[in-house]
Structure formats: structure tokens, C-alpha cells
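The structure under discussion appears below in the form of C-alpha cells.
The values are calculated or read from the model by the stated rules, or taken from the named source; none is laboratory data. Quick caveat, the model's predicted, so the values are computed rather than measured. All Cβ positions, glycine included, derive from the backbone under ideal geometry; neighbour counts span all protein chains shown.
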Amino acid sequence: MPAPTSELFDEAFAERSAIMEHDAGLPRETAEAMARADVTKALHACEVRSVVAKYQTEGGEAVKAFLAQVAKHRGQPAADRLRIDALKEIGK
């Protein structure tokens, strides 16, 4: 499963906002805000599943190393949210 990238986000955002604007008739600003929230939520869910899979196949130390990289590049709050949501999925 590929890690979320800005290219994936941009592509999904553009498609989702266009659908909301043109098919649903929403104003562009509203469509973009809703699309940004939808895509962010979907990418986070994908990343949570990826962390759970990493835990199941590589163990806790691999997850700790990955979360350290998330903290370094996206900030500690992003790493904490990912850790908490992955733990919920794992059932701990």
C-alpha cells in the first residue's frame, strides 16, 4: 500500500472538489473546503491501516521508527494522532 503523498492528495482533492462544484452545484469555496476535509480523512484512514499492517508484519519497533519520521516531517501532533488511531484499530 503506497504512503499518502502530496501528489495523491492533490489528485483526489481536485477530483472531489470538481464533483462537488459541478455535479452538486456547490460554490467553489464550499466544494473545496468539503473536498479537503474528505480527502484528509480518507488519507488518514489509509495511513492508519498502513501503520496497523506494519505493526502486524514488522512489529512495534518498526512502527516507532515510522512514527518518529512522521513527527520529524509533519510534527508531533500528527504522529500522536496516527499512533492513537492505529492503537484503536489494533485493539489495545
Practice prompt. Give the number of residues within segment 73-89 that are over 15 Å from Ala62 (Cα atoms) and in contact (Cβ under 8 Å) with a residue 24 or more places away in the chain.
Written response: 3
Worksheet item: With respect to Val48, is the statement that it is under 29 Å from Glu89 (Cα atoms), at pLDDT 95 or above, surrounded by 12 or more Cβ atoms within 10 Å (Cβ to Cβ) and among the aliphatic types (A, V, I, L, M) true?
Response: yes
Worksheet item: Quick check, is Asp80 out of contact with any helix residue (DSSP H, G or I) (no Cβ under 7 Å at 6 or more places or on another chain), surrounded by 11 or more Cβ atoms within 10 Å (Cβ to Cβ) and on the phi < 0 side of the Ramachandran plot?
Response: yes
Discussion item. Under 7 Å between Cβ atoms, which residue pairs at least 6 apart in sequence (or on different chains) link something in segment 14-28 that is more than 14 Å from Asp38 (Cβ to Cβ) with a partner that is surrounded by 13 or more Cβ atoms within 10 Å (Cβ to Cβ) and among the acidic types (Asp, Glu)?
Written reply: Arg28/Glu21
